[in-house]
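S.K.: Got a structure for you, questions after.
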Amino acid sequence: MVKRPAVRVVSWNVHAWRGTDGREEPERIGRVLRCLCPDIAGLQEVANRYDGAGETHQLARIARQSGMTPVNGPTIVRLHGDYGNALLTRLPVQQVRHNREPRAALDVDLEAFGRPLRVIVTHFGLRPAERRFQVRRLIQAIEARSFEALVLMGDLNEWLIFGRPVRWLRRHFGQAGVQRTFPSRFPLFALDRIFVQPPQALEELRCVSTPETREASDHLPLVARVQPF
């Protein structure tokens, strides 16, 4: 049997494009993504301002810069733009769902080298009770639809290693690697996570700490290699 190529996944809280130097530079995020060359990038805290024609130009510009297709998943919509999650991908997009838990989770079906792959991008809240509610709703949404393989990624905002939301996700997905991603200049906390079903499909998990990633956002990007097929 010929082994299919692995899927390269990135999860990154881009902090509304604002770096640790205080500058707002979406193009800097785009440069990093182009270097990382992911098949799928799940982004959180995406600030997306509209241009005069009503188009969300920042996300579209980053997508063009990194050579990927954008899928927008706003949690807040304002007069001049929106804010929330986004997915960038080189893979064909089959279906997009926006789940409320109560923050929006972006739930997308992709075609990965001829096989279906479900991808969920989420960002949990700051309050413990909110995170517990979100993870329960998220697991319900996952179980409501069948799938062959699934990648769940995002900023879980869980500061405790054994916090209940992480324990519940591990119970559902199995053990997954842990990488410290926050704060980017001196990472102490594993706020960003990537979970995979089936769990043995997760072949590699690492964060990328370079001078540019430490400056581009207050979180480091988390990179995984997934071989679910």
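S.K.: For segment 42-58, which positions are on the phi < 0 side of the Ramachandran plot and modelled with pLDDT of 90 or more?
M.R.: Result: 42, 43, 44, 46, 47.
S.K.: Can you find a residue that is under 18 Å from the mean Cα position of the chain (by Cα), farther than 16 Å from residue 214 by Cα and part of a strand (DSSP E or B) anywhere in segment 19-39?
M.R.: No.
S.K.: Could I ask something else about it? So which residues in segment 191-207 are of a type outside the set (D, E, K, R) and touching a strand residue (DSSP E or B) at 6+ places or on another chain (Cβ under 6 Å), if there are any at all? Outline the logic, then answer.
M.R.: Taking segment 191-207 as the starting set, the residues that turn out to be of a type outside the set (D, E, K, R) are 191, 194-202, 205, 207.
Correct list: 191, 194, 195, 196, 197, 201, 202, 205, 207.
S.K.: Still on this structure, I have one more. Just one of the numbered conditions (1) touching a Ser or Thr at 6+ places or on another chain (Cβ under 7 Å); (2) modelled with pLDDT under 95 is not true of residue 74; which one?
M.R.: Failing condition for residue 74: (1).
S.K.: Could we say that residue 110 is modelled with pLDDT under 90 and at negative phi here? Give the steps one after another, and end with the answer.
M.R.: Values: modelled with pLDDT under 90: no; at negative phi: yes.
No.
S.K.: Related question: Yes or no: segment 182-205 includes at least one residue that is in contact with a Pro (Cβ under 7 Å, 6 or more places away or on another chain) and either basic (Lys, Arg) or under 16 Å from residue 12 (Cβ atoms) (or both).
M.R.: Within segment 182-205 (the criterion being in contact with a Pro (Cβ under 7 Å, 6 or more places away or on another chain) and either basic (Lys, Arg) or under 16 Å from residue 12 (Cβ atoms) (or both)), the answer is no, since none of the residues qualifies.
S.K.: Is it fair to say residue 77 is aliphatic (A, V, I, L, M), surrounded by fewer than 17 Cβ atoms within 10 Å (Cβ to Cβ) and part of a strand (DSSP E or B)?
M.R.: Against the criterion (aliphatic (A, V, I, L, M), surrounded by fewer than 17 Cβ atoms within 10 Å (Cβ to Cβ) and part of a strand (DSSP E or B)), residue 77 qualifies.
S.K.: Okay, moving on. Exactly one of (1) modelled with pLDDT of 95 or more; (2) in contact with a helix residue (DSSP H, G or I) (Cβ under 8 Å, 6 or more places away or on another chain) is unmet by residue 199. Its number?
M.R.: (1)
S.K.: From the list 185, 118, 193, which residue is among the charged types (D, E, K, R), closer than 20 Å to residue 104 by Cα, touching a Ser or Thr at 6+ places or on another chain (Cβ under 9 Å) and at pLDDT 90 or above?
M.R.: 193
S.K.: Something else: Tell me which of these residue 33 doesn't satisfy, since it passes every other one: (1) modelled with pLDDT under 95; (2) in contact with a Leu (Cβ under 9 Å, 6 or more places away or on another chain); (3) under 29 Å from residue 203 (Cα atoms).
M.R.: The failed condition is (1).
S.K.: If I filter segment 105-128 for residues that are surrounded by fewer than 19 Cβ atoms within 10 Å (Cβ to Cβ) and part of a helix (DSSP H, G or I), do I get at least one hit?
M.R.: yes
The values are calculated or read from the model by the stated rules, or taken from the named source; none is laboratory data. Note that the structure is predicted; figures quoted are calculated from it, not measured. Here Cβ is always computed from backbone atoms with ideal geometry, including for glycine, and neighbour counts include all displayed protein chains.
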